Amino acid sequence: MIKRTNDAPKDPARAKIWDDGTKGLASVLKKIEDAFADFDVDEVQPSDVAEFVDQWEGRRSAQSYKGHITKFYAWANRRGICNINPAREVSVEKPADRDVYITHEQYHKIRDALLVGKDKRPTRSGPMVQCYMDLLYLLYQRGTEVRLLRWDQVTPEGITFKPSKTEKSSGIKVMIPMTSALQEVLDRAKSAGKMRSMYVIHTEHGQPYTAHGIGSAFDRAKERAGISGVTLKDVRAKAATDAKDQGYSVQEIQVALAHTDQSTTRGYVRSREVPVSAVNLALPKR
């Protein structure tokens, strides 16, 4: 936790997200601490770890809890506190890959619904949130990167991202070239703003949207459009899938998504594709 505090980003908006993440991590670690409070470190058996993580069977939380316990024992091993790592022997079921694909029709219905409320009057935040949705698609970056996109990242050549998710690991960067479609959305975002802000997508007070705030606006528009079962995260997946359909290679899409592992990209796209069989048989001859 001390290292995490020292690694906190300087940007105020990112620092807020980092702080929220730190509080969430502290809550997770406290739950593990409480569950194993009656054990000495070298007394914990794989069955004890399995019983604990099975509370979240089939959910990503199970992987997260197992990961934290594994890291703790790796730390304890390096310091000679014990010579076991019971979590390493516990298998956790990987949650099924999400296979939802937003169709073009659904995309435009939700996009249009952002501009008009239930009362049939224009929404105040609609134009800006619409720009956010369009940037999610055109930039194919994670929602955090688009919500916190600053104007000083935008150049005539394009936009450079250093995703926060990989900043402390691979440090991978990606530059998205400027296109006429991207420039048009940026121009709309600038005119939609009620005040000048350092952020491309921002509230009426010039601050970046929270994930909850902008997600709620999307959900309300989705409801008005009569569409269910899709989320804002599915917009990025749609972009990747559409890119594959348009002939871009997995390697090119991997660079665009800033994935460090090509297998991640393959799973990301394949789970939303429906393979077409190339095998066509006739009935057996007599």
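Here are a few things to note about the model shown:
- Counting only Cβ charges, +1 for Lys and Arg and -1 for Asp and Glu, the dipole size of the stretch 2-89 around its Cα centre is about 700 debye.
- Counted by Cβ distance under 14 Å from GLY117, the other residues give a net charge of +3, where Lys and Arg count +1 and Asp and Glu count -1.
- All lysines inside 17 Å of LYS10 as judged from Cα atoms, apart from same-chain residues fewer than 8 positions distant: LYS162, LYS165, LYS168
- Mean separation of Cα pairs under 8 Å and 6 or more residues apart, divided by the residue count, gives the stretch 104-270 a relative contact order of 27 percent.
- Each Cα pair under 8 Å and six or more residues apart adds its sequence gap; the mean of these over the residue count of the chain is a relative contact order of 17 percent.
- Kirkwood Rh (inverse of mean 1/r, distinct Cα pairs), the stretch 104-270, angstrom: 16.5 Å
- Long-range HN-HN contacts of VAL116 with modeled amide H, under 5 Å: THR123
- Averaging 1/r across all pairs of distinct Cα atoms in the stretch 2-89 and inverting the result yields a Kirkwood radius of 14.4 Å.
- Dipole of the chain [Lys/Arg +1, Asp/Glu -1 at C-beta], most positive-end residue of ALA192, GLY58, GLY21: ALA192
- The stretch 77-163: GluC sites (Glu not before Pro) in DSSP coil with no more than 13 other Cβ atoms inside 10 Å: GLU93, GLU157
- A simple charge model with +1 on the Cβ of Lys and Arg, -1 on the Cβ of Asp and Glu and nothing else charged puts the dipole of the chain at about 880 debye relative to its Cα centre.
- Amide H contacts under 5 Å for ILE159: ILE176, MET178, restricted to partners 5 or more places along the chain or on a different chain, H placed in the peptide plane at 1.01 Å from N.
- Taking all Cα-Cα distances within the chain, those exceeding 29 Å account for 48%.
Readers should treat all values here as calculations from the given coordinates under stated rules, not as data from a laboratory. Computed from a predicted model, the values in this text were never measured in an experiment. Please note: Cβ atoms are built from the backbone with ideal geometry, for glycine as well, and neighbour counts cover all protein chains shown.
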